[in-house]
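Novice: If you scroll down you'll find the structure; I have some questions about it.
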Amino acid sequence: MTAYDRRDFLKVMGAAGMVTGLGGLMWPLEAFAGASGKVVVVGGGFGGATCARYLKRWGPKLDVTLVERDSSFITCPFSNEVISGELEISEITHGYDGLAGAGIKVVHDEVSGIDPGGKSIKLKGGSSLKYDKLVLSPGIDFRWGSIENDQIATQEAMPHAWKAGAQTLLLRKQLHAMKDGGTVIIVPPKKPFRCPPGPYERASMMASYLKTNKPKSKILILDANPSHSKQAAFHEGWASQYGNMIEWVKDSDGGDINSVDPASMTVSNDFGDTYKGDVINLIPYQKASLLVANAGLTNKDGWCDVDMGSFESKIAKDVYIIGDACVAGPMPKSGHSSASQAKNCAAAIVSGLAGSEAPEPTYNNTCYSQIGPKYAISVVAVYRLKDGEIVKVSGGVSKVGNKSRVHKNESKYRVGWYKSITADMFG
Amino acid sequence: MTNFRIITRYAFAAALVGGLGFTPGASAEGVSRVELMASQCNSCHGINGAGAKPNPSIAGENKEDFLDLMQAFASGDEPTSIMDRHAQGYTEAELKMLAEYYSKQ
C-alpha cells in the first residue's frame, strides 16, 4: 500500500505527544496495520452510500470518495406512499452531509469513463480520480423498445415511476386527477427487475387511495410474468382490503403486453387484445446502468458478473459492482440486498487492503410491502456463499392466514426498517 | 526504524484513548466475521444495534437472553413476525458470537 507519508507521521507524532503518561503501555504492532489506500465509490444509493460508510467505519485510514450525480437521494422504498398521497417526497429524500461528516469526500459529478488499466475514472466535470479500488453501484437503466413504442418519450404519458423523483410525482398527479370509475393499468416488466414486489405494492397503495377517494375505480395489472413476488400473501391482502378492485392477469392469460400507444392510452398483447387505461404505469424492461454497459462490464444479458463473495467484477480487476446492476444469485434486486452486498464488499476491500483475509461472507434481505393501513407483508432471507455461489439458507414470505396482529406488526417494523437502513446509509 | 515503530505504537494507543475517529469494534487488521454478521442486523436494528423505534435495540443485550431468544425464534417457541426466518439462517456458534458481540455494544 501507499508508504507512510510525512503528513500522517506528523499527525501521529502530535497525538503521541499528548499522552506521555501512557509510557509503558504496549500496543500490539499489528494494531497499527489497518487498511490504507484510495477507494472511489460511484453511486450514492442503497449500495454505494452504505459501502462508503462501512469502508470508512472499518478502515478509518482509508481515503474514501463517493461520486454521486445528484445532490440528494430519493428512496424507491416508500415512494408508493408518495403516489397514494400518504407521504410527501421530501419525507423520503436524503442528503449527503452525514457521509461528508463521516470523513467521506462527496463529489457531485457524473462518471464519463472508466479506465481499469490505469485505475482511474473520468468525470464529466473534467477531472479524473485515481483509485486503488473502485466500487460501482450504478443501479439500473431501461431497455427502451422491448415493448413496441415504449420509448423514453412514452414516460410522460405512461410514467414508470421506477426511479423515484419527478416520475413519482407525475404518476401521483395522474392518479389524483383521474375520475371516479376510471381504470389504472400497471404493466410490470419481464423479470429480472428492480424491486420484484414493487408493482404489487404499488397496486395496493393506489387501491388504498382509490378506495377512499374513487371507490368505483379498477386496477388492472397486466403482467409479463407467470407469477409474482409474495403472490399468495398479496392476493390474500387484496381480497380482504379491496374486494375485487385489483385484477392481476398473468402472461399466458393476456398479461404479456407487446405494444403500447400513448396517444390512445392503450396497451396490447399478442392475442390482439387491447386495454384502455385512464392512468397507465408502464414499467420498462431493465438492465444494468449504461455506466457499466459502456465500460464493457456487463454480460450478454446486460448485467454484471461478479465474484459473489467480494463483488469484484469478473471482467475488471480491482473494480467491484454491487446492487441492482450485479448478478447475485437468488438475492432480489432490493435496497436491502444492495446494502447487504455493500457490507460484504467493504469487508473484502478493507481486509484486503489491510493484508488480512476477508471474513466469510454473510448476506440477508428483508423486504416489507404495505398492502393497506396497518397491513404489511414481508419476504426475508439469509444467504451464504457455497462453492462460489450465493445460496439461500433460511427465510420465506409472510404466511397466508396470518392474524391481523402480525400484519400490523409488519407494518410497524417496516417503518423501523426504513429509519434504520437510511440512518445506516446517510447517518 | 525501531524507535519509529515504538512511537507509532503509542500514537495509535493515543488515538484510541483520545477517541480520534476510531470506531469501537473496528478491527485494525481487517473486518471480523462477527462484525460483518452484525452489520447485517443494522439494516433493521439501527447502527450497532442501537434500535430505531419501533424496532427494538439489541445493543447491550444480556448474552444469555440474546441466545435464548434467537433460538426460541428459530424453533418457533417465541411468536414473531419475521425473526424466525432470520434466526434459522445461523448456526448456534454464530448466534453465540452475535450474542457476545451485542452484549458489549
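Novice: Given the options A:406, A:393, name the one that is among the β-branched types (Val, Ile, Thr), at the interface with chain B (Cβ under 9 Å from one of its Cβ atoms) and within 16 Å of residue A:369 (Cα to Cα).
Specialist: Working: A:393 fails: within 16 Å of residue A:369 (Cα to Cα).
Exactly one of A:406, A:393 is among the β-branched types (Val, Ile, Thr), at the interface with chain B (Cβ under 9 Å from one of its Cβ atoms) and within 16 Å of residue A:369 (Cα to Cα), namely A:406.
Novice: Check whether at least one residue in region A:328-338 is at the interface with another protein chain (Cβ under 8 Å from one of its Cβ atoms), touching a helix residue (DSSP H, G or I) at 6+ places or on another chain (Cβ under 8 Å) and under 23 Å from residue A:54 (Cα atoms), and report yes or no.
Specialist: Initially, region A:328-338 is screened for residues at the interface with another protein chain (Cβ under 8 Å from one of its Cβ atoms), giving A:336.
Checking the rest, the ones that are also touching a helix residue (DSSP H, G or I) at 6+ places or on another chain (Cβ under 8 Å) come to A:336.
Filter once more, so that each one left must be under 23 Å from residue A:54 (Cα atoms): A:336.
So far as region A:328-338 goes, yes, one or more of its residues are at the interface with another protein chain (Cβ under 8 Å from one of its Cβ atoms), touching a helix residue (DSSP H, G or I) at 6+ places or on another chain (Cβ under 8 Å) and under 23 Å from residue A:54 (Cα atoms).
Novice: Being within 18 Å of the chain's Cα centre (by Cα) and hydroxyl-bearing (Ser, Thr, Tyr) is the filter here, so list the residues in region A:384-427 that pass it.
Specialist: Result: A:418, A:420, A:422.
Novice: How do the pairs read when you match residues in region A:47-71 that are away from chain B (no Cβ under 13 Å) with residues anywhere that are surrounded by 24 or more Cβ atoms within 10 Å (Cβ to Cβ) and modelled with pLDDT under 95, using Cβ under 7 Å and keeping only pairs 6 or more apart or on different chains?
Specialist: none
Novice: Name the single residue that is nearest to residue A:104 (Cα to Cα) among those in region A:408-417 being of a type outside the set (D, E, K, R) and in contact with a Ser or Thr (Cβ under 8 Å, 6 or more places away or on another chain).
Specialist: Let us first name the residues in region A:408-417 that are of a type outside the set (D, E, K, R), namely A:409, A:411, A:413, A:415-417.
In the following step, the residues that additionally are in contact with a Ser or Thr (Cβ under 8 Å, 6 or more places away or on another chain) were identified as A:409, A:413, A:417.
Values: A:409: 36, A:413: 30, A:417: 24 Å.
Here the residue is A:417.
Novice: Inspect region A:113-129 for any residue being farther than 26 Å from residue A:339 by Cα and crowded, with 17+ Cβ neighbours inside 10 Å and give the result as yes or no. Outline the logic, then answer.
Specialist: Initially, region A:113-129 is screened for residues farther than 26 Å from residue A:339 by Cα, giving A:117-118, A:124-128.
Checking which are crowded, with 17+ Cβ neighbours inside 10 Å leaves us with none.
No: region A:113-129 contains no residue that is farther than 26 Å from residue A:339 by Cα and crowded, with 17+ Cβ neighbours inside 10 Å.
Novice: For residue A:221, work out the one condition from (1) in a strand (DSSP E or B); (2) surrounded by fewer than 14 Cβ atoms within 10 Å (Cβ to Cβ) it doesn't fulfil.
Specialist: Condition (2) is where residue A:221 drops out.
Novice: Kindly provide the set of residues from region A:387-427 that are part of a helix (DSSP H, G or I), in contact with a Phe, Trp or Tyr (Cβ under 8 Å, 6 or more places away or on another chain) and among the hydrophobic types (A, V, I, L, M, F, W, C), ordered by number. Working first, answer last.
Specialist: First, the residues of region A:387-427 that are part of a helix (DSSP H, G or I): A:404-426.
Applying the additional criterion that residues be in contact with a Phe, Trp or Tyr (Cβ under 8 Å, 6 or more places away or on another chain) yields A:404, A:407-408, A:410-411, A:413-414, A:417-418, A:421, A:425-426.
A:417, A:421, A:425, A:426, listed by residue number.
Novice: A follow-up question, please. Would you confirm whether any residue within region A:358-367 is of a type in the set (S, T, N, Q), more than 7 Å from every other protein chain (Cβ to nearest Cβ) and touching a Gly at 6+ places or on another chain (Cβ under 8 Å)? Working first, answer last.
Specialist: Taking region A:358-367 as the starting set, the residues that turn out to be of a type in the set (S, T, N, Q) are A:362, A:364-366.
Restricting the remaining residues to those that are more than 7 Å from every other protein chain (Cβ to nearest Cβ) gives A:365.
From what is left, the residues that are touching a Gly at 6+ places or on another chain (Cβ under 8 Å) are A:365.
Yes, some residue in region A:358-367 is of a type in the set (S, T, N, Q), more than 7 Å from every other protein chain (Cβ to nearest Cβ) and touching a Gly at 6+ places or on another chain (Cβ under 8 Å).
Novice: Another question, if that's okay. Counting residues that are at pLDDT 95 or above, hydrophobic (A, V, I, L, M, F, W, C) and crowded, with 20+ Cβ neighbours inside 10 Å, which strands (runs of 3 or more DSSP E) fully inside region A:237-292 reach at least 2?
Specialist: Qualifying strands (runs of 3 or more DSSP E): A:246-249, A:257-261, A:279-282.
Novice: I'm trying to understand the selection: among the residues of region A:57-94, which are among the hydrophobic types (A, V, I, L, M, F, W, C) and part of a helix (DSSP H, G or I)? Lay out the reasoning, then the answer.
Specialist: First pass over region A:57-94, keeping only residues among the hydrophobic types (A, V, I, L, M, F, W, C): A:58, A:62, A:64, A:66-67, A:73-74, A:76, A:78, A:82-83, A:87, A:89, A:92.
The answer is A:58, A:82, A:83, A:89, A:92.
Novice: Could I ask something else about it? Inside region A:130-172, can you point out the residues that are under 20 Å from residue A:45 (Cα atoms), surrounded by fewer than 20 Cβ atoms within 10 Å (Cβ to Cβ) and touching a residue at least 40 places away in the same chain (Cβ under 8 Å)?
Specialist: Within region A:130-172, A:141, A:163, A:165, A:169 meet the criteria.
Novice: Among the residues of region A:186-206, write down those that are outside any loop (DSSP other than H, G, I, E, B), touching a residue at least 60 places away in the same chain (Cβ under 8 Å) and not acidic (Asp, Glu).
Specialist: Within region A:186-206, the subset outside any loop (DSSP other than H, G, I, E, B) is A:186-187, A:198-206.
Next cut, touching a residue at least 60 places away in the same chain (Cβ under 8 Å) only: A:186-187, A:198-202, A:204-206.
Result: A:186, A:187, A:198, A:199, A:200, A:202, A:204, A:205, A:206.
Novice: Also: Hey, can you tell me all the residues within region A:362-379 that are among the small types (Gly, Ala, Ser) and surrounded by fewer than 24 Cβ atoms within 10 Å (Cβ to Cβ)? Even if it seems obvious, please write down each step before you answer.
Specialist: Of all residues in region A:362-379, those among the small types (Gly, Ala, Ser) come to A:369, A:372, A:376, A:378.
Selection gives A:372 alone.
Here's the yes/no breakdown for (1) crowded, with 16+ Cβ neighbours inside 10 Å; (2) facing chain A (nearest Cβ under 8 Å); (3) over 23 Å from residue A:425 (Cβ atoms):
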| residue | (1), (2), (3) |
| --- | --- |
| B:57 | yes, no, no |
| B:60 | no, no, yes |
| B:73 | yes, no, yes |
| B:84 | yes, no, yes |
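Novice: I would also like to ask the following. Being modelled with pLDDT under 95 and more than 8 Å from chain B (Cβ to nearest Cβ): is that true of residue A:427 here?
Specialist: So residue A:427 passes the test.
Novice: Going by what's in this entry, would residue A:184 be described as assigned by TED's automatic domain parsing to the domain that holds residue A:255 and not aromatic (Phe, Trp, Tyr)?
Specialist: On the way: assigned by TED's automatic domain parsing to the domain that holds residue A:255: yes; not aromatic (Phe, Trp, Tyr): yes.
Here the answer is yes, as residue A:184 does meet what is asked.
Novice: Okay, next question. From the list B:75, B:32, B:43, B:39, which residue is touching a strand residue (DSSP E or B) at 6+ places or on another chain (Cβ under 9 Å) and at pLDDT 90 or above?
Specialist: On the way: B:75 fails: touching a strand residue (DSSP E or B) at 6+ places or on another chain (Cβ under 9 Å); B:32 fails: touching a strand residue (DSSP E or B) at 6+ places or on another chain (Cβ under 9 Å); B:39 fails: touching a strand residue (DSSP E or B) at 6+ places or on another chain (Cβ under 9 Å).
Among B:75, B:32, B:43, B:39, only B:43 is touching a strand residue (DSSP E or B) at 6+ places or on another chain (Cβ under 9 Å) and at pLDDT 90 or above.
Novice: Evaluate the following for residue A:321: is it buried (at least 22 other Cβ atoms within 10 Å of the Cβ) and either under 22 Å from residue A:296 (Cβ atoms) or among the aromatic types (Phe, Trp, Tyr) (or both)? So that I can check it myself, show each step before the final result.
Specialist: Details: buried (at least 22 other Cβ atoms within 10 Å of the Cβ): yes; either under 22 Å from residue A:296 (Cβ atoms) or among the aromatic types (Phe, Trp, Tyr) (or both): yes.
Judged against the criteria, residue A:321 is a match.
Novice: Among the candidates A:331, A:308, which residue alone is buried (at least 23 other Cβ atoms within 10 Å of the Cβ) and either in a loop (DSSP other than H, G, I, E, B) or touching a residue at least 40 places away in the same chain (Cβ under 8 Å) (or both)? Give the steps one after another, and end with the answer.
Specialist: On the way: A:331 fails: buried (at least 23 other Cβ atoms within 10 Å of the Cβ).
When all the criteria are applied, what remains is A:308.
Novice: Within region A:101-122, can one find any residue that is closer than 23 Å to residue A:194 by Cα, of a type in the set (Gly, Ala, Ser) and at pLDDT 95 or above? Walk me through it before giving the result.
Specialist: Initial filter on region A:101-122 (closer than 23 Å to residue A:194 by Cα): A:110-111.
Next cut, of a type in the set (Gly, Ala, Ser) only: none.
So far as region A:101-122 goes, no, none of its residues is closer than 23 Å to residue A:194 by Cα, of a type in the set (Gly, Ala, Ser) and at pLDDT 95 or above.
The values are calculated or read from the model by the stated rules, or taken from the named source; none is laboratory data. Quick caveat: nothing in here was measured; it's all calculated off a predicted structure. All Cβ positions, even for glycine, are placed from backbone atoms using ideal geometry, and neighbour counts span all protein chains on display.
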